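Trainee: One structure follows; several queries about it will come next.
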There are 2 protein chains.
Amino acid sequence: MPAASATLARHHIAIELAERSYPIVIGTGLLDDAATWAEVPASSRAVIVTNTTVAPLYATRLGQTLSRYHKVVHTVALPDGEEHKNWQTLNLIFDALLRNACDRKTVLYALGGGVVGDMAGFAAASYMRGVPFVQVPTTLLAQVDSSVGGKTAINHPLGKNMIGAFYQPRLVVCDLDTLDTLPVRELSAGLAEVIKYGPIADMAFLDWLEKNIDALKARQSAALAHAVRRSCEIKAWIVGQDEREAGLRAILNFGHTFGHAIEAGLGYGRWLHGEAVGCGMVMALRLSHRLGLVDGAFVERVVALLGQAGLPIVAPALGVDRYLELMRVDKKAEAGETRFVVIERPGSAVVRTAPETLVREVIEHCCRPT
Amino acid sequence: MPAASATLARHHIAIELAERSYPIVIGTGLLDDAATWAEVPASSRAVIVTNTTVAPLYATRLGQTLSRYHKVVHTVALPDGEEHKNWQTLNLIFDALLRNACDRKTVLYALGGGVVGDMAGFAAASYMRGVPFVQVPTTLLAQVDSSVGGKTAINHPLGKNMIGAFYQPRLVVCDLDTLDTLPVRELSAGLAEVIKYGPIADMAFLDWLEKNIDALKARQSAALAHAVRRSCEIKAWIVGQDEREAGLRAILNFGHTFGHAIEAGLGYGRWLHGEAVGCGMVMALRLSHRLGLVDGAFVERVVALLGQAGLPIVAPALGVDRYLELMRVDKKAEAGETRFVVIERPGSAVVRTAPETLVREVIEHCCRPT
């Protein structure tokens, strides 16, 4: 892998948000390359927030590189998993920051997947009312989605990502080498968020994904590099237009209304976030079809790709009423009405309500073993 | 009181922060006057966040007025006191919001003192990554200081206000009538933050306070109205120049470095925040004098006024080392060095470090009964 990846160009994508703009750097060997981090705000102290799985793999290496820029680099390793994305775990970060007398200029580095990024980001947003932070995503899901765009949050027992902040990082560093150590199940979960960009925004990318799904599952560097790059480009374009999700940005939640209900209903951590979103996309696609927006062939095409990616495409049988109850607390809901991201035509999504009878039919259909 | 206060003009002060600008309305009878609230963002739902002391006094009245603008108005009454300004209490707000399926447009009203405002504000900043909120301060301290400027936070066992956000309200409503029910000790605590504006920004206001301290303690409407108005004007002017405390705004923390150490050292809630700040100002004044910035007569003049306001002017004997330890986690600290707001000349303050020997002498001096 290093030999092949050494030939890959380093790629920069800009998130354009006026004074909150920042670059995403995508490439290989970035963790060990001091030049990657040269633009990070100056501070004598830095804290790497990671988890107990990622820490032994990459924390020491990153810490060594960062010691070029920060006099003291502490590391906080959180327990691993979505079930720990709560206040108790967040408090471990605050405890470490305060115990080490970290000041307002301390830079936080989120080294890990989406859970680490969401928690380190919210900690950075709230510690002393805001300190700088850098995303260093080490999972495919985090590289293509959660590390980009400034959404940070923790879960509440009654709803996913209910407590958080819009808070932009100063830099996102996607070192593709870190995907080498990713468990197969996590790779598939990341592919769900990659595939998402096809139906909502870019049918040419969907075509490319269908042709390259085996290369991606085999972790071929060039394929992964293209998937991460194109995903980040699409996300950057959307976030640049609607940072705080007043409208357009909500389409990035395709599959997430159903998906969050699956995660909360099963108990956080049972399914990976990407698995729940993949299955949630199946449900949102079938809803789009029942609403008369897209034809059945298009739905089956995307469902097939999700299956090839190794994702579950049959929804867990939580019961229809429980799904409806869980979806009512979705952040897109307004005045008690659940709103869904649906595909209005291949390559384009909208947010809208749907008749409850249709939603019930979709849930029943999707929970049935095929 | 109503007869006299009916003659007071309603006063508007603007906080100028571009798209985050908002008005402070100061006057009497505001809680019951529907016109006060006409500009609040439209939403079918609203939640009044208050505490168990204030709820029986004003929550029903405010709820009735707000029912003109919101279909459903819920009330959450938190336990009263600084010792409850923590995550557990904050979670009571999130629980209520989620249990009542409150959406992203729900407006939060903070009805109470500084603790309620700080917690409701941080809840509004974080719930679904941000919902609109309105400050309805019912204590003098909250009306002249904490409700204005968008600082929100909760305490951490290792430091005061360590976890929070800069998050501006849409409106601040200071109904002077609510000060009628304020306990004497809380009135004095509020006067500490009023007196603060003199030495840091406005010596003419200090002159006025010396002449009117008895009228303020007697809660004469015209005196209270002027004190609230002038305090808000000064705070609005400072916050308008430096919303996120990059520089100037830090002078509003005059007395707070020592004061926070007193609060944390005694245990939150033992002294009121304003009491600790009042005593902290005595310490900061003596430090300013030892640094050779102001003469002893000026120091004694302000200390006398604080004493007349009914504030403690002898610091609790926590031990000098404990003070130094507690002050090291202050948000103004940089690279391990504690920084203090000191008076550089009457009416003007700066933030700077001070030699530890001087700080030690000041603490020892201020802890000695006079």
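Trainee: In nm, one decimal, shortest first: how far is the label point of B:V320 (7 Å from Cα along Cα to beta carbon) from the matching points in the other copies?
Mentor: Label-point distances to the other copies, shortest first: 7.6 nm.
Trainee: Quantify how strongly other chains surround peptide A:128-135 by giving the mean number of their Cβ atoms within 10 Å of each of its Cβ atoms.
Mentor: 4
Trainee: Of all beta bridges DSSP finds with both residues in the protein assembly as shown, what is the antiparallel percent, to the nearest 5?
Mentor: Numbers: 34 of 78 bridges.
Taking every DSSP beta bridge within the protein assembly as shown, about 45 percent pair in antiparallel fashion.
Trainee: Just the number, please: percent antiparallel of the DSSP beta bridges in region A:2-181, rounded to the nearest 5.
Mentor: Details: 10 of 32 bridges.
Given both bridge residues lie in region A:2-181, the antiparallel proportion sits at roughly 30 percent.
Trainee: Where does the protein assembly as shown land at 222 nm, in deg cm²/dmol rounded to the nearest 500, when only DSSP H runs of n ≥ 4 count, each adding -39500 (n - 2.57), divided by all residues? Intermediate values should be presented prior to the final figure.
Mentor: Values: 24 runs with 308 residues, N = 740.
Calculated from helices alone, the mean residue ellipticity at 222 nm is -13000 deg cm²/dmol.
Trainee: Taking a label point 7 Å from Cα toward Cβ, how far is B:K211 from its twins in the other copies, in nm, shortest first?
Mentor: Result, one decimal in nm: 8.4.
Trainee: Follow-up. Mind putting a number on the dipole of the protein assembly as shown about its Cα centre? Charges go on the C-beta only, +1 for Lys and Arg and -1 for Asp and Glu, and I need it in Debye to the nearest 20.
Mentor: My answer is approximately 60 debye.
Trainee: A further question on this structure: When A:E337, B:E83 are ordered from fewest to most other Cβ atoms inside 10 Å of their Cβ, what list results? List each step's numbers first, then the result.
Mentor: Details: A:E337 12, B:E83 15.
Fewest-to-most ranking of A:E337, B:E83: A:E337, B:E83.
Trainee: Please give the average number of partner chain Cβ atoms lying within 10 Å of the Cβ of each residue in A:155-162, rounded to a whole number. Don't skip to the end; give the middle numbers.
Mentor: Numbers: counts 0, 6, 4, 6, 5, 0, 2, 7.
Counting other chains' Cβ atoms within 10 Å and averaging over A:155-162 gives 4.
Trainee: Right, something else. Taking neighbour Cβ counts within 10 Å as the exposure measure, how do A:W208, A:W37 sort from fewest upward?
Mentor: On the way: A:W208 16, A:W37 23.
So the ranking, lowest neighbour count to highest, is A:W208, A:W37.
Trainee: I want the antiparallel fraction of DSSP beta bridges within chain A, as a percent rounded to 5. All intermediate terms of the calculation are to be shown ahead of the outcome.
Mentor: On the way: 16 of 38 bridges.
Taking every DSSP beta bridge with both residues in chain A, the antiparallel ones total about 40 percent.
Trainee: Right, here's the next one. Volume per residue, Å³, of the convex hull around the alpha-carbon atoms of region B:1-144? Don't jump to the answer; show the numbers that get you there.
Mentor: Numbers: hull volume 16.7 nm³, N = 144.
That works out to 116 Å³ per residue.
Trainee: Across the residues of B:98-107, average count of Cβ atoms on other protein chains within 10 Å?
Mentor: Working: counts 7, 2, 0, 9, 3, 11, 6, 3, 1, 0.
Across the residues of B:98-107, the mean count of other-chain Cβ atoms within 10 Å is 4.
Trainee: Can you put B:D32, A:D175 in order of Cβ neighbours within 10 angstrom, beginning with the fewest? Can you show the working numbers first?
Mentor: On the way: B:D32 13, A:D175 24.
Neighbour counts put them in this order, fewest first: B:D32, A:D175.
Trainee: A further question follows. At B:G347, label 7 Å along Cα→Cβ: distances to the other copies, nm, ascending?
Mentor: So the label point of B:G347 gives 6.8 nm to the other copies.
Trainee: Using per-residue counts of other Cβ atoms within 10 Å, averaged over each peptide, order A:304-315, A:245-256 from highest down. All intermediate terms of the calculation are to be shown ahead of the outcome.
Mentor: Numbers: A:304-315: 18.8, A:245-256: 20.9.
Listed from highest to lowest mean packing, they are A:245-256, A:304-315.
Trainee: Something else now. Could you tell me the center-to-center distance, by alpha carbons, between region B:201-272 and region B:319-352 in angstrom?
Mentor: Centre-to-centre (Cα) distance: 18 Å.
Trainee: So which lysines can A:K160 reach, going by Cα to Cα under 19 Å and dropping same-chain residues fewer than 8 places off?
Mentor: Excluding near neighbours in sequence, the set is A:K85, A:K151, A:K331, A:K332, B:K105.
FYI, it's all coordinate maths here, none of it is from the lab. If you're wondering where the values come from, they're calculated on a predicted model, not measured in any experiment. All Cβ positions, glycine included, derive from the backbone under ideal geometry; neighbour counts span all protein chains shown.
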